[in-house]
Amino acid sequence: MLLKRVLAKRILDSRGEPTIEVHIRGCKASSPSGKSKGKYENIDFFRSIGFCVNLLNKTDFNLDINSFEDLKKVEDFLAVKLKLKEAKQIGANVLFALESAILKALAKSKNKPLWYLVNPQAKNLPVPIGNSIGGGLHSHNKEKPEFQEFLIIPRYKEIDKNAMLMRDIYKKIGRMIKTNGKNDEGAWQTYLSNEEIFTFLSKFNNIKIGVDIAASTFYKNKTYSYNNKSFNREEQVSYINSLIKNYNLYYIEDPLDEEDFEGFSKIQRKNSLVIGDDLTATQLPRLRKAINAKSINAMIIKPNQNGSLFELKKIFETCKKHKIKTILSHRSGETLDNALADYAFGFQADFIKTGISTKWREVKLNRLIEIEKEIKNL
């Protein structure tokens, strides 16, 4: 496939904020945006979204693209053209949308599904993780749980059964607890405390319980500040470990500040996943540091924290080599692009974190169900 010109445009994400969409040969790809951002993730746009849109629309690529590995040609071309050290400096949202649109166009030209270009040998479907109740920066309530996401992880093997179970439990939550509407990820908002929510979720069958603590969002001056208490690092570690034990938590994301590699290593993980998100920010050097410090046994991977799908493949390979579980994740400001499902399957992620409710989340789950049917027919 000869890549000549692309059409880039500004669109609005699920929060009504501007992001970028790229069109190539009748295929389009867009990038989401995050509200809760780690300090180490790459910038969204070089200079501004308008500058990046105009830049892509004026660029003559003239590159021969025939495989996933040819994305390296695109990155080298952009780095030279813009006199950048690496292509990611154009902005993670820009590079991700561009590379995703290229792969979609290439897949169309070969009459293959998108995931096939990433890994034609892919066979294991990821387990979906659903954000059912929200707090922290994603909640509009004045009184709210400090933790950012309360997650349900279904135990079935089939994607359609898992999706159905998550949706069923989600609806029950809305009827059973006092809510104040939904947050920007479609999760229920509530005034309940962290512990009250864990107690409530423990009542449901066929799920494991997870939490995105997002500890950096309430950490200041070496103190973790809660509604009615405050902890130093040792007390925070003890508190999180007690929650894991008391509520049989399986999934614990960002339990400490994003700088505290050593603190992460003290979180109990015998039967649990201790996950880096802000800690690792989808960056290879941060991942390697976490591995050396034995900080994590699982990692959130967000394509638009990095931008380069080519580098994302290296991140997945590094995680697999060191037995780090992988979770490919959406962002709070999403688009209707469903490619995340293809990348989760293609990269053979262990999990996909893509929410439960709202059309922006449902398209990813529905695409996973389609992929499940595709591989059965191969």
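What are the residues in region 26-45 that are closer than 18 Å to residue 10 by Cα and either outside any strand (DSSP E or B) or modelled with pLDDT under 95 (or both), if any?
Taking region 26-45 and keeping what is closer than 18 Å to residue 10 by Cα, we get 26-34, 43-45.
Result: 26, 31, 32, 33, 34, 43, 44, 45.
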Seminar exercise, completed: Just one listed residue, out of 136, 130, is surrounded by 15 or more Cβ atoms within 10 Å (Cβ to Cβ) and at positive phi, and it is 136
Exercise. Taking residue 377 and the conditions (1) within 18 Å of residue 186 (Cα to Cα); (2) surrounded by fewer than 23 Cβ atoms within 10 Å (Cβ to Cβ); (3) not charged (D, E, K, R), which numbered condition does it fall short on, given that it satisfies the others?
Worked result: (1)
Seminar exercise, completed: Of the listed residues (321, 325, 359, 314), the one being of a type outside the set (Phe, Trp, Tyr) and touching a residue at least 40 places away in the same chain (Cβ under 8 Å) is 325
Exercise. With respect to residue 358, is the statement that it is touching a helix residue (DSSP H, G or I) at 6+ places or on another chain (Cβ under 9 Å) and surrounded by fewer than 24 Cβ atoms within 10 Å (Cβ to Cβ) true?
Worked result: no
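Tell me, which helices (runs of 4 or more DSSP H) wholly within region 58-133 include 1 or more residues that are among the aromatic types (Phe, Trp, Tyr) and farther than 24 Å from residue 317 by Cα?
Values: elements: 71-82, 92-110, 114-118.
Answer list for region 58-133: 71-82.
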For this session: Would you mind finding the one in 185, 259 that is surrounded by fewer than 20 Cβ atoms within 10 Å (Cβ to Cβ), assigned by TED's automatic domain parsing to the domain that holds residue 138 and of a type in the set (Asp, Glu)?
Result: 259
Problem set entry | Residue satisfying all of: in region 9-25; touching a residue at least 60 places away in the same chain (Cβ under 8 Å) and part of a strand (DSSP E or B); surrounded by the fewest Cβ atoms within 10 Å (Cβ to Cβ) among these | 11
Seminar exercise, completed: Residue count, region 328-340, condition under 20 Å from residue 68 (Cα atoms) and free of Cβ contacts under 8 Å to residues at least 60 places away in the same chain, comes to 2
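The values are calculated or read from the model by the stated rules, or taken from the named source; none is laboratory data. Owing to the predicted nature of the structure, the values given are computational and were not obtained by experimental measurement. When we count neighbours, we look across all protein chains shown, and the Cβ atoms used for this are built from the backbone with ideal geometry, even at glycine.
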